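Quick notes on the structure that follows.
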Amino acid sequence: MTNWATDNQLAYNLITDNTSHNLLLGVDYQKTDSTAKYADAMYNGVPIIDLSDADYDLFSKTALSLTGYQQTDDIEQSQFGVYLQDEMQWNKLTVVAGLRHDDYKSTTKTTATGSDTKTTVNEANQTSGRLSALYQLDNGFAPYVSYAQSFQPLLGVNYITGEAFKPTTANQVEVGIKYNSPDKATKATLSAYDITRKNDKVTAIDWTKQTQTGETTSKGFEISADHRFNDWFNVGVGYGYVDAEITKDEFNPQLVGNTPQQIAKHNATLWASMKPNAKTAVQVGVRHIAGMQIDRENSDTLPSVTLVDLAGSYQINPTFDVGLTVSNLFDKTYVGSCYDRNNCWMGAERQANVSLTAKF
């Protein structure tokens, strides 16, 4: 896969009457070329593997007959966007208004066993907007409200119409309140949101044949807080709850009211940050994920999982810093998510990254 992206912005500040304006005009473009290959042995000579204790030496890939079904997708995607934003401030009131227009095109050439090469062209364009307002009170509280639109292009062909999938669109309304203590030691945010997403892909006959009649809603709230106890120690906590529901599926009406898969009902985090000296910083975090359905039929729920992460940095000298991040510190084995009862993915194993940063 090759990817090229650019984002250019022009900012301008001005004052009109009693209002200050922070204007932002931007243009972005990205292009991605990729190839996806799929081969199936059709169960011929494939042993059973225990995903929780996998032994990949049970068989050799070269010994498998992968001619049962093969498919190659050569995909070219490009997206061009123009956006404009105005951040306006009247005394204690801040209003942000923005518009964005996107033009998207993808060309997919599919070669599959038993069929000729098929080319699918998907062209879509969309104008989306956002509007938000925040009022800063004297006691450190700041209530806010926002509305935002979005769209996400999709690859593939609608099995019913034979045409390329339309983009998924969404509308989000959010209200909340923020708090910042006078000494800046305590910060907190409480928010509630309502998201409606349209043009979801749904199963027409089986998982290989899909159409677009789906709609889902997600209603929930999030709360987060951070407190600095002193110059070297602070703690952050967060909790999120979401009630996601399938609200439309013409081909599978029995699924209306169910919870979509791959959405966790509960998420919680706890982070502690320590700076024992001027050169050293350490962060330890705990993540908890619970309530994720394995399929749209809600036939079962994945077990909850709690993971520990670690991060640290050390200043070698005024120019160089070295950093370390470790996710899933104790290398816990768990099922990360499922598409349906036959397609699940194990969660990420322990991963460690070391970085070296230079400041000039």
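Structure values in brief
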{"read-out": "Cβ-based net charge around ASN258, under 10 Å, with every Lys or Arg adding one and every Asp or Glu removing one", "value": "-3"}
{"read-out": "Calculated FRET value between GLN152 and LYS275, using beta carbons and R₀ = 56 Å, to 0.05", "value": "0.90"}
{"read-out": "Within-9-Å neighbourhood charge of THR2 [Cβ basis; K, R +1; D, E -1]", "value": "0"}
{"read-out": "THR333 versus ASN230: modelled label distance in nm, points set 7 Å from Cα along the beta carbon direction", "value": "4.3"}
{"read-out": "Dipole of segment 2-358, positive direction: furthest Cα of LEU310, ALA352, VAL157, with charges on the beta-carbon", "value": "LEU310"}
{"read-out": "Simple Cβ-charge dipole of the chain, Lys/Arg +1 and Asp/Glu -1, about Cα centre, in debye nearest 20", "value": "700"}
{"read-out": "Cα lying deepest toward the dipole's positive end in the chain, options PHE80, GLN30, THR186, charges on Cβ", "value": "THR186"}
{"read-out": "Within segment 281-297: backbone nitrogen closer than 19 Å to the ILE263 label point (7 Å, Cα to C-beta)", "value": "289-297"}
{"read-out": "Residue-wise HN-Hα coupling along segment 325-340, computed from phi with Karplus coefficients 6.51, -1.76, 1.60 (Hz; x: Gly, Pro)", "value": "10, 10, 9, 6, 3, 8, 6, 6, 8, 7, 8, x, 6, 9, 8, 7"}
{"read-out": "Order of THR169, THR94, THR119 - criterion: other Cβ atoms within 10 Å of each residue's Cβ, fewest first", "value": "THR119, THR169, THR94"}
{"read-out": "For THR333, THR269, THR319, THR259, order by how many other beta-carbon atoms lie within 10 Å, fewest first", "value": "THR319, THR333, THR269, THR259"}
{"read-out": "Where a label projected 7 Å from the Cα of ILE177 along Cα→Cβ would reach, residues of segment 210-226 with amide N under 12 Å", "value": "none"}
{"read-out": "Of LYS92/LYS275; LYS184/LYS275; LYS178/LYS219, pairs whose Cα-Cα distance is over 27 Å", "value": "LYS92/LYS275"}
{"read-out": "Cα-based reach from LYS359 at 20 Å (exclusive), listing aspartates and glutamates while leaving out same-chain residues under 8 positions away", "value": "ASP321"}
{"read-out": "Candidate lysines - alpha carbon under 22 Å from LYS109, same-chain residues fewer than 8 apart omitted", "value": "LYS31, LYS37, LYS118, LYS166, LYS201, LYS209"}
{"read-out": "Most positive-pole-ward Cα, ASN267, GLN89, ILE246, against dipole of the chain from beta carbon charges", "value": "GLN89"}
{"read-out": "Value of Rg to Rh for the chain (Rh from inverse mean 1/r over Cα pairs, i.e. Kirkwood)", "value": "1.00"}
{"read-out": "Förster-model FRET efficiency, 35 Å R0, GLU245 and GLN351, C-beta, rounded to 0.05", "value": "0.55"}
{"read-out": "Near-label residues of segment 55-98 by backbone N, under 19 Å of a point 7 Å along Cα→Cβ of LEU23", "value": "82-90, 95-98"}
{"read-out": "Environment charge of LYS92, counting only residues whose C-beta is closer than 15 Å and scoring Lys/Arg +1, Asp/Glu -1", "value": "-1"}
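Bear in mind these aren't lab numbers, they're just calculated from the coordinates by the rules spelled out. Predicted model, so just to flag it, every value in this text is computed and none were measured. For neighbour counting, all protein chains shown are included, and Cβ atoms are generated from backbone atoms with ideal geometry for every residue, glycine included.
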